[in-house]
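First the structure, in the form of structure tokens, and then the observations on it.
The values are calculated or read from the model by the stated rules, or taken from the named source; none is laboratory data. These numbers were taken from a predicted model, which means no experiment stands behind them. With ideal geometry, Cβ positions are generated from the backbone for all residues, glycine too; neighbour counts draw on all protein chains shown.
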Amino acid sequence: MTRALLMLAAAALFANACSIKTTNPDAKVATAVSATAAAATAQAGGPATGVLARAQAALDAAGAYTIDVTATNFVLPQWGGSDGGVVEVNAAIPVARARLKRTGEGSYTVLLVDNQTFFERTTCETFARIPGGGRNVLEPFIIARNGRLASAQAVQPPLTSAAGIIVAANLEWLGPVTITLDAATMLPLTIEQQSAAPHAVWAFRDWGKSVDVERPAGPIADRGPGGDPC
């Protein structure tokens, strides 16, 4: 009887040892990561695409905002490279006012008003208009009232951090980006390009603050930036 009990005990110990050896540690890690993503998704109110849809709705409701742009040679349509600055947007109209440094040159004031783009270099005393109107020069910065966040591609499951809800996606004009959203309001806090070069970081503030832009007075000639813009 004693011998039989010893044999049963030995068999139990062997089975337990085998169970420990065959446990997959990666499975525990994967489960933890999945749980983190699920928690972030639940907090944001839906799957990955739903998170950006909620962010788009918050953006559209705010309408106006300011972006502090950090960039090196971020190419804008009909403009060329930009090395950052400040952009104020009222997407409801839409109008925008930017103070940007053009790559390799000086600083410019750039206005979007009446669906046209006007600019003045800090060394000049008059404005010029982008040939043909140039409505799309500042378009990359207008992400409200046009569905750009909601239509982002390659959206990854959201994650939570001390900074907020983080979503990786592919965004028009910027390509692969990391978007950080305020967990309480779902408004974007930052949008950062994932590429090393070009690399731009947009930091948002002044949500809903009115932005008024007036068309420059007087006759305005068509001229492109660069060279001698005066």
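Answer with yes or no whether residue 78 is more than 17 Å from the chain's Cα centre (by Cα) and at pLDDT below 90. No; evaluated as a whole, the condition is false for this residue. Taking the criterion of being without any contact (Cβ under 8 Å) to a residue 60 or more places away in the chain, surrounded by 17 or more Cβ atoms within 10 Å (Cβ to Cβ) and more than 30 Å from residue 120 (Cβ to Cβ), would at least one residue in segment 150-158 satisfy it? No; the residues of segment 150-158 include none that is without any contact (Cβ under 8 Å) to a residue 60 or more places away in the chain, surrounded by 17 or more Cβ atoms within 10 Å (Cβ to Cβ) and more than 30 Å from residue 120 (Cβ to Cβ). The residues on offer are 196, 203, and the sole one that is of a type in the set (A, V, I, L, M, F, W, C) and either more than 29 Å from residue 115 (Cβ to Cβ) or part of a loop (DSSP other than H, G, I, E, B) (or both) is 196. Here residue 221 clears all of (1) in contact (Cβ under 8 Å) with a residue 60 or more places away in the chain; (2) over 23 Å from residue 105 (Cα atoms) except the condition numbered (2). When residue 102 is tested against (1) at pLDDT 95 or above; (2) closer than 23 Å to residue 214 by Cα; (3) crowded, with 17+ Cβ neighbours inside 10 Å, only condition (1) is not met. Go through (1) of a type outside the set (Gly, Ala, Ser); (2) closer than 17 Å to residue 203 by Cβ; (3) buried (at least 20 other Cβ atoms within 10 Å of the Cβ); (4) in contact with a helix residue (DSSP H, G or I) (Cβ under 9 Å, 6 or more places away or on another chain) one by one and return the number of the condition residue 185 breaks. Only one criterion in (1) of a type outside the set (Gly, Ala, Ser); (2) closer than 17 Å to residue 203 by Cβ; (3) buried (at least 20 other Cβ atoms within 10 Å of the Cβ); (4) in contact with a helix residue (DSSP H, G or I) (Cβ under 9 Å, 6 or more places away or on another chain) is unmet by residue 185, namely (3). Scanning segment 91-114 for residues that are touching a helix residue (DSSP H, G or I) at 6+ places or on another chain (Cβ under 6 Å) and outside any strand (DSSP E or B) yields a count of 0. The residue that is modelled with the highest pLDDT, counting only those in segment 159-182 that are part of a loop (DSSP other than H, G, I, E, B) and surrounded by fewer than 17 Cβ atoms within 10 Å (Cβ to Cβ), is 182.
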